[in-house]
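The values are calculated or read from the model by the stated rules, or taken from the named source; none is laboratory data. Computed from a prediction, not measured in an experiment: that's the story for all the values here. Glycine also receives a Cβ, built like all others from the backbone with ideal geometry; neighbour counts cover every protein chain displayed. Calculation scope for accessible area: heavy atoms of the full protein, side chains included, ligands and nucleic acids excluded. Shrake-Rupley method; radii C 1.70, N 1.55, O 1.52, S 1.80 Å.
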Amino acid sequence: MKMKTITLKTLICILALALFGFTGKGAEPESFPAKLPATKPSDRPLSSAMQRFYDEWDGKEDYAKDLYTAFKYTRLKGFEERDNFSRRDPSKIVRVKGVYHVWYTGRKTDSPPAGANATDTIPATDWDLADIWHATSKDGYVWEEQGIAVKRPESGVYGHRTICTPDILVWKGKYYLYFQAYKEFTHPWGQIYCPVSVAYADSPNGPWTFVKEPVVRPGTSGAWDNAKINDPYPIVFNGRICLYYKGAPVERGHEYITRMQGLVTATDPLGPFEKSSFNPIFNSGHETALFPFKAGVAAIVSLDGPEKNTIQWSPDGENFEIVSHVMAPPIAPGAFVPDAFAGNGDGRGITWGLCHINPDGGGATNESILARFDCDLSLDVERDEFKRSNLRFGDETYFNNPFVVDEKLRRQIAADQKKVDTDTIGTE
Ligand code: AAL
């Protein structure tokens, strides 16, 4: 008798599914189907997560998106390693007559950064007492360091203390390097005034002419970017030079905006640059990393802020939306963006670039090295290896900086543990 009932029920179910379930019409389906409905189902209750899956994520897994990627890293060859010779914040890469060119912050000092104990010859930070260096490569792996491209200018001129974090623009056959230009001692580094200056040349190999008057200055008193214009990053979009940057106010701390990014635009590389009325246009990120993508602009937003570690896209270069979340994005990426200055409304994306790494996992007073990253944020390649999430790290990663628990933290954890660990409630 029991057997019979089950069989009858099963039969009814199969019939119901055959009639309504598979067509999505009529009776409510039993469970959410294994094959994702292409559009948001309207005939069944959806959890908040499944609503978002359709409303915000377009009914797609992240790896199905053009602007999703994993990142892989490779050690570079050709950079002489020496104590207190630091290289960081590479520019985007340009290729001229088959040769790749990159510019970066180069600090060659006699001693390591000493924070508040810095002097005229002892740097405060990793990017203090630096110049803009240049390297070339035929394959993107083996690099030949060409030495200093732009030198710190004389006393009294912005950049005398340090010039760093360069990026490149090619406009009407000429080359323009934009960089942070500090006049004074850079400690404490949150408080110092830092405009952007520029140098130009007829060829990527220089010689470079340093323009003494900064081209982009921090905002007025009280503005979100009133102290520093960091990470100037030019592309050409909608017929204008669009220079993205990270702004910083004099005051720092949780109640102040510290890691937002803005945009200035111009039609002449030497300015005047006009600030976007939407600024800030990113609420997160650290170093700027953008590229033309389809008819708009894409950005890698990493490290800081509520939208850290995302790839974003904007149709107008000013109003960005999150497209995907990424893991372990490159720090200070400078991608090879062949169409960065094409301004043709058909951005093809990026597949590799350089970034920097702090070998000790440290911050401002640690030395940095340049590294290569590869990815698939391009419309022109198919790289399954990069369209995967769920990356796992080996023990080497977990038991080293920045994950390692140091002595001070261990003491705090021990004290907290005494305070908050009780027997599990209900076990008495
Ligand atoms: C970088 C950049 C800017 C900061 C410092 C040097 O990675 O964000 O350049 O000022 O750190």
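Descriptive notes on the structure:
- Residues with amide H under 5 Å from that of K228, placed H, sequence gap 5 or more: C194, A248
- Here the 3J(HN,Hα) profile of the range 364-377, calculated from phi with Karplus coefficients 6.51, -1.76 and 1.60 at θ = phi - 60°, is 4, 9, 9, 7, 10, 10, 8, 9, 9, 10, 10, 7, 10, 10 Hz, Gly and Pro shown as x.
- Helices of the chain meeting both criteria, an alpha-carbon length of 20 angstrom or more along the long axis and an average Kyte-Doolittle score not below 0.5, with helices taken as full DSSP H segments, are 2-16.
- The label point for S277 and the one for K419, both projected 7 Å from the Cα toward the Cβ, are 5.0 nm apart.
- All aspartates and glutamates inside 12 Å of K151 as judged from Cα atoms, apart from same-chain residues fewer than 8 positions distant: D131
- Accessible area of the range 72-398 divided out per residue, in Å², using a probe of 1.4 angstrom: 42 Å²
- Straight-distance crosslink candidates among lysines, where the alpha carbon sits under 20 Å from K172 and sequence neighbours closer than 8 are dropped: K92, K97
- Proximal charge balance of R95 [Cβ under 15 Å; K/R count +1, D/E count -1]: +2
- Calculated FRET value between R383 and E428, using beta carbons and R₀ = 56 Å, to 0.05: 0.50
- Residues whose amide H lies under 5 Å from that of W143, counting only those 5 or more places away or on a different chain, are K77, G78, F79; hydrogens are built 1.01 Å from N in the peptide plane.
- The ellipsoid equivalent to the alpha-carbon distribution of the chain has semi-axes of 46, 28, 21 angstrom, derived from the gyration tensor eigenvalues as √(5λ) and listed largest first.
- Estimated distance in nm for a label pair at V96 and H160, the labels positioned 7 Å out from Cα along Cα-to-Cβ: 3.1 nm
- Residue by residue, the range 145-153 carries 3J(HN,Hα) couplings of 6, 9, x, 6, 8, 10, 9, 4, x Hz when phi is fed to the Karplus relation 6.51 cos²θ - 1.76 cosθ + 1.60 (θ = phi - 60°); x denotes Gly or Pro.
- For F336, the amide hydrogen comes within under 5 Å of the amide hydrogens of I93, T351, W352, G353, L354, counting only partners 5 or more places away or on other chains and with H modelled in the peptide plane.
- When Rg and the Kirkwood radius Rh are both evaluated on Cα atoms of the range 377-428, their ratio Rg/Rh stands at 1.31.
- Sparse-neighbour loop sites [GluC sites (Glu not before Pro); the range 231-320; at most 11 other C-beta within 10 Å; DSSP]: E255
- Within the accessible area of the range 295-352, the carbon and sulfur atoms contribute 54%, probe 1.4 Å, all protein chains present.
- In a DSSP loop and with at most 12 other Cβ atoms within 10 Å, the GluC sites (Glu not before Pro) in the range 69-161 are E80, E81, E154.
- Rg in Å to one decimal, and Dmax rounded to a whole Å, for the range 343-385 via C-alpha atoms: 15.0, 42
- Among S86, S314, S47, residue whose mean-square fluctuation peaks in a GNM of the chain (springs only between Cα atoms under 10 Å): S47
- Extension gain for E81-D55 works out to 4.4 nm (0.36 nm per residue, less the C-alpha to C-alpha distance).
- Remark: for residue pairs K183/K246; K65/K308; K174/K212; K72/K246, the C-alpha separation exceeds 21 Å in K72/K246.
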